[in-house]
1. Condition first: of a type outside the set (D, E, K, R), closer than 29 Å to R23 by Cα and either within 10 Å of the chain's Cα centre (by Cα) or part of a helix (DSSP H, G or I) (or both). Can you find one or more residues in segment 116-130 that meet it?
2. If you take the residues in segment 41-72 that are part of a loop (DSSP other than H, G, I, E, B) and touching a residue at least 60 places away in the same chain (Cβ under 8 Å), which one is most open to solvent (accessible area, probe 1.4 Å)?
3. Does segment 111-136 hold any residues that are surrounded by 11 or more Cβ atoms within 10 Å (Cβ to Cβ), closer than 17 Å to Y98 by Cα and either among the charged types (D, E, K, R) or touching a Phe, Trp or Tyr at 6+ places or on another chain (Cβ under 7 Å) (or both), and which are they?
4. Only one of these is more than 21 Å from L27 (Cα to Cα), assigned to a strand (DSSP E or B) and open to solvent by 20 Å² or more (accessible area, probe 1.4 Å): L89, L99. Name it.
5. Could you list, in sequence order, the residues of segment 73-86 that are farther than 30 Å from A151 by Cα and open to solvent by less than 30 Å² (accessible area, probe 1.4 Å)?
6. Looking only at segment 85-97, decide whether some residue is more than 30 Å from L15 (Cβ to Cβ) and of a type outside the set (G, A, S).
7. Inspect segment 17-33 for any residue being in a loop (DSSP other than H, G, I, E, B), open to solvent by 20 Å² or more (accessible area, probe 1.4 Å), touching a Ser or Thr at 6+ places or on another chain (Cβ under 8 Å) and not acidic (D, E) and give the result as yes or no.
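The values are calculated or read from the model by the stated rules, or taken from the named source; none is laboratory data. Computed from a predicted structure; not experimentally measured. Positions of Cβ are backbone-derived with ideal geometry, glycine not excepted, and every protein chain shown enters the neighbour counts. Just the protein is used for accessible areas: all its heavy atoms, side chains included, with ligands, DNA and RNA removed. Shrake-Rupley method; radii C 1.70, N 1.55, O 1.52, S 1.80 Å.
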Amino acid sequence: MTEAPDAPPLAFVDLADAVRHLRKRELRLTTARRLVLEALFAAEVPLSAEELSEQSGLELTSVYRNLETLERHGFARHVHLGHGPGRYLLVGRGEKEYLYCERCGKLRALEPAELEPVREQIRQRFGYEARFTHFPLAGRCPACAQAASRAAATAA
C-alpha cells in the first residue's frame, strides 16, 4: 500500500512561485520536472501518472520519478479513487479533502474544515484522527443516489 506523504504542503500560487520553492530546496528545474508541473497546473482534476505522461510527452518512469520528488518536498499529493491508479494534484493553494462517487466517478474537493464534524464524530467514537486527503470518503453523489432510489422503486 502506498503511504500518505509526511512533508507539509507548500504554499505557492503559480508556476513561477513553485519554481522559487524548488530552488530554495536546492532542487533542479529539469525540463521533465517543468513539464510535469505545467501539466499539474493546467489540470482541473487530479491526473494519473499515465495521463501526465501523455500530456507532457515524457516517459512514464520520468513522470513517476518527478512526482515522487514533488510529493516528498510538499508540492504535490496523490489520492486514490476507487480501484484505479493514484491520481496526482498540486497542493500549493491548500490541501483539500474529497468525496468520491463510486458510481459516476465524480470527485468533490472540500476544505478540511467542512469535514470537521465527521472527523469529530470519528474522534469521539473511535479515537482516530481521520484524514480524507489520501483516501476520500466514498459513496454516491446526490444524482447517483437519487437514480438508484428511483431504480429501486420501479423494480419493487
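1. Looking through segment 116-130, none of the residues is of a type outside the set (D, E, K, R), closer than 29 Å to R23 by Cα and either within 10 Å of the chain's Cα centre (by Cα) or part of a helix (DSSP H, G or I) (or both).
2. Out of the qualifying residues, it is V45.
3. E111, E114, L115, E116, R119, E120, I122, R131, F132, P136
4. Residue meeting the stated conditions: L99.
5. Across segment 73-86, the qualifying residues are G74, F75, A76, R77, H78, V79, G86.
6. no
7. Checked segment 17-33: at least one residue is in a loop (DSSP other than H, G, I, E, B), open to solvent by 20 Å² or more (accessible area, probe 1.4 Å), touching a Ser or Thr at 6+ places or on another chain (Cβ under 8 Å) and not acidic (D, E).
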